[in-house]
Amino acid sequence: MLARPIRTVRTRRRCGAQDFDDCSEKRVRARELVLENRNKGNRTVTASLDGEIRDGRHQMQVRVYFEDTDSGQIVYHANFLRFMERGRTNYLRLLGTSQHALLQEAQNDAPGFTFVVRSMRIDFLKPAILDDVLDVVTLPQEVRGASITLLQECRRAEDLLVTARVRVAFISGGKAQRIPKALRLAMEGHK
């Protein structure tokens, strides 16, 4: 019989904050799923939904589903862009910057701001196929006043499948604006 989730519990490991969202160690964020297994009673499985930052590199895993593939069960090339977008978003989240919170904070300083992909250089080296588990790696390369350059990779175990160099700009009112200081410092600290 398959185990099924019955509740989600957020934990604060190595952090004494009263509220989980106040924890200064966002990198250790994990969610525990308490599973009910009819044969073995209750057991706890820890799953990091956002990946982790280790040695300055953000890593997360993505499984290739049928919807990600073409008729030959090979990942459609544009879906690698989606996987890497998830990697960039989760990287920001683990730095302590959720996109929702960043939007609210920046509305005062830069109304109508957004991050936009300014440029991307991508190399498709090998295909991924249905049911592969891919590691999406994000590494900040350069943090400038209004832009961030990130190196990203999609890997299957030791096989390098896709590499990308992504330049993301911070804009407001159609013009480049300085990246919020807290985010810039957090990214520079993980280079």
Q) Ranking VAL166, VAL143, VAL133 by Cβ neighbours within 10 Å, fewest first, what do you get? A) VAL133, VAL143, VAL166
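Within segment 108-185, report the GluC sites (Glu not before Pro) that DSSP leaves as loop and that have at most 12 other Cβ atoms within 10 Å. Walk me through the numbers before you get to the answer.
Details: sites: GLU142, GLU153, GLU158; in loops: GLU158.
Hits after loop and neighbour filter: GLU158.
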Q.
Using a 10 Å cut-off around each Cβ, can you sort HIS77, HIS58 from fewest to most neighbouring Cβ atoms?
A. HIS77, HIS58
Q. What's the local net charge at ARG82, with K and R +1, D and E -1, over the other residues with C-beta under 14 Å away?
A. 0
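With a sphere of radius 9 Å drawn around the Cβ of SER119, what net charge do the other residues whose Cβ falls strictly inside it have (Lys, Arg +1; Asp, Glu -1)? Could the numbers behind the result be given before it?
Values: positive: ARG118, ARG121, ARG165, ARG167; negative: none.
Net local charge, SER119 excluded: +4.
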(Q) Give me a comma-separated list of calculated 3J(HN,Hα) values for segment 73-90, in order, Karplus coefficients 6.51, -1.76, 1.60 applied at θ = phi - 60°, integers in Hz, x for any Gly or Pro. (A) 6, 10, 4, 5, 4, 5, 6, 4, 5, 5, 4, 6, 4, 4, x, 5, 5, 5
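Laboratory data are not the source of any read-out in this text; all were calculated from the coordinates shown. Given the structure is predicted, the values throughout are model-derived calculations rather than measurements. Cβ: placed from backbone, ideal geometry, glycine included. Neighbour counts: every protein chain shown.
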